[in-house]
There are 2 protein chains.
Amino acid sequence: MNDRKQHVIRMAHQLFIERGFQATSIQDILEYSGISKGTFYNYFSSKNELLIALFKALYGSMETSRDELLIGQDRADLTIFIKQIELQMNTNKKNKLITLFEEVFVSNDEDLKQFLKEGQKRMIQWVFNRFLELFGEDKRPYLLDGAIMFLGILHHNVKYYSIANGSSVDISPVVHYSVHRIVTLLNDAANAGEQLNKPEQMSTWLPDASKPNEVFKEKLYHIIATLKNSLDENQMKSIELLDFIQDEFLHSKKSREFLIESVLCSLRNDQTLDQKTVAKLDQLVKDYFVRVAEACEQSNK
Amino acid sequence: MNDRKQHVIRMAHQLFIERGFQATSIQDILEYSGISKGTFYNYFSSKNELLIALFKALYGSMETSRDELLIGQDRADLTIFIKQIELQMNTNKKNKLITLFEEVFVSNDEDLKQFLKEGQKRMIQWVFNRFLELFGEDKRPYLLDGAIMFLGILHHNVKYYSIANGSSVDISPVVHYSVHRIVTLLNDAANAGEQLNKPEQMSTWLPDASKPNEVFKEKLYHIIATLKNSLDENQMKSIELLDFIQDEFLHSKKSREFLIESVLCSLRNDQTLDQKTVAKLDQLVKDYFVRVAEACEQSNK
DNA sequence: ATCTGTTTTATACCGACAGTACAATTTGCG
DNA sequence: CGCAAATTGTACTGTCGGTATAAAACAGAT
């Protein structure tokens, strides 16, 4: 991504933190980041698009550093989970993510709304999957309820603890407290055999969650994250290649098959990567283009 | 309150439910309720003021009917509490209160924000007080945390249960489920002796909660609500008198002492009212005016 | 250094919006 | 009826998000 464009995002973020999203006018952003209106609308098609770009950047880095905490660790270790939650809560606080979130959650822009919902859903799914690893398969029926309630407890506790103790207070005790509570809560629900939401229904929650394209994107995201997690900062080329693939699929209307093919070719020759995972990626992409081609034929009939 | 004014509030509410607050322009409200712009700004000083008036009306009626459920009942009966919560959740849903709430919670209008925060705080305090009655004094240290977590669990469960099962689904099982969970949660926290927020600090939470004026307003509200609860619809005069006092104190910069005095005089002669409570009200008002007079002298020095 | 295509800038503009100002009209009430 | 208050209609201000476009700055290839 353009250097200048990222600069604008950073400057806007600063203004959003200081005054909020609604209260920051485009004019403010232009003056603060020293660009003209024309350039702004060359980068972003609207103010909301800028916000989405900002969220993507923040969430992306948050999710990777959160996932990095798991590398080489026992996935069933509760203390690691606590560290992951603390990390996310602190990033939220630092970037005033929650405030921004709330401010625009109910908005007239359907795209923005959908994007934010998707983010919430991803968070619930992540907690659910971690709970599976932490509490085991036999608790599965109760873990979706658990994930939902955990986030409810956590957010409320953080919110009012911050009000009572000042927003600069250490959030760690709140996270510990909330995790302790959810452990008991899960046992309680399992003992009582009470269930509100069935985990199997999770995929049908959000309207387009069951669309093949969304499933593809999620798989793609997961595989690429796995590959990236196995790399360190010295292997910039490989990381860039993976990022390129992800970007090409997520942000272009029409992904350029020949480009992606050649990138995959490079990856297959990269000895530092786990070739089993690369093969998975290869297959996934192949299936995708087959499906696109079929859909294309179908519509030409 | 003016008939016409209430009509405007009702029409606006309808539009807010259909399209949301931000998406409803003042022009829309004017056309829909058939008044002119001049009249609108004669009634409300701004669009936000209208929203506050709407919230006040909705909250007011919700709180009274919620409190009515307790009359002549065992205050320690959990099933009554469940009924009260169900009532509030259903009112929320019917009036799209939560959506409206979220939409304007982070707003530029400091007054509106303060008003909404006050409402949330009142809700937490109400749950805390009910928990005291339900679970007893010995659990007190854990009941503020409990109230906060209960609302977090409840709102999250309702939200995602509605997403999964359609917004017209019966909310009752969610309330039962959430109440069951919080009971265990409270026992768990008490057993572990873990505490996040001290109930004594509750009054200092919101900036002006400790201001004498706010304490006064709360006491006033409570006494008047008690008196009103003992009346039925046939005693309109008494209700109007009580409403007048409340309105005079809450909405006027300078309450007219002579008017309030004469209203109190009428109330003292009203045999249908509990004269012990009326005496309390009398004393409260007397203290208030003494304090105002003192403050006035102080500033004239 | 010159040509060429792209990016950036400056500026004027549009429509929608919240809120103001005010003179003209209607309404309600003694 | 007469008068004061409420109501109306309309025109206005300033701000906002977003569009349009011509001129200027820039960058890479020859």
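Does residue B:4 satisfy being within 16 Å of DNA strand D (Cβ to nearest atom), within 22 Å of residue B:97 (Cβ to Cβ) and either of a type in the set (Asp, Glu) or assigned to a helix (DSSP H, G or I) (or both)? Criteria not met by residue B:4. Just so you know, in segment A:41-54 the residues that are in a helix (DSSP H, G or I), within 16 Å of DNA strand C (Cβ to nearest atom) and not polar (S, T, N, Q) include one that is nearest to residue A:22 (Cα to Cα), and it is A:47.
How many residues does segment A:41-53 hold that are away from DNA strand D (no atom under 11 Å from the Cβ) and under 29 Å from residue B:110 (Cβ atoms)? Matching residues across segment A:41-53 total 1.
Against the test of being farther than 22 Å from residue A:110 by Cβ, in a helix (DSSP H, G or I) and within 11 Å of DNA strand D (Cβ to nearest atom), the options A:60, A:38 yield a single qualifying residue, A:38. The single residue among B:70, B:87 that is under 30 Å from residue B:226 (Cβ atoms), among the hydrophobic types (A, V, I, L, M, F, W, C), without any contact (Cβ under 8 Å) to a residue 40 or more places away in the chain and not in a helix (DSSP H, G or I) turns out to be B:70. Of the residues screened, residue A:21 is not one that is part of a helix (DSSP H, G or I) and either open to solvent by less than 50 Å² (accessible area, probe 1.4 Å) or within 12 Å of DNA strand C (Cβ to nearest atom) (or both).
For every residue, the table says whether it meets (1) open to solvent by 40 Å² or more (accessible area, probe 1.4 Å); (2) away from DNA strand C (no atom under 16 Å from the Cβ); (3) at pLDDT below 90; (4) within 14 Å of another protein chain (Cβ to nearest Cβ).
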position	(1), (2), (3), (4)
A:31	yes, no, no, no
A:37	yes, no, no, no
A:56	yes, yes, no, no
A:77	yes, yes, no, no
A:104	no, yes, yes, yes
A:111	yes, yes, yes, no
A:114	yes, yes, yes, yes
A:117	yes, yes, yes, yes
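Scan segment A:206-249 for residues that are under 17 Å from the mean Cα position of the chain (by Cα), at pLDDT below 75, hydrophobic (A, V, I, L, M, F, W, C) and in a helix (DSSP H, G or I) and the total you get is 4. Among the residues of segment A:126-169, write down those that are closer than 17 Å to residue B:121 by Cα and not in a helix (DSSP H, G or I). The answer is A:166, and nothing else. I'd like to check something: does segment B:184-193 contain any residue that is β-branched (Val, Ile, Thr) and either under 24 Å from the mean Cα position of the chain (by Cα) or at pLDDT below 95 (or both)? No - not one qualifying residue is present in segment B:184-193.
The values are calculated or read from the model by the stated rules, or taken from the named source; none is laboratory data. In this text, all values refer to a predicted model and were calculated from it rather than measured experimentally. Glycine also receives a Cβ, built like all others from the backbone with ideal geometry; neighbour counts cover every protein chain displayed. Keep in mind that these areas ignore ligands, DNA and RNA; they rest on the heavy atoms of the full protein, side chains included. Shrake-Rupley method; radii C 1.70, N 1.55, O 1.52, S 1.80 Å.
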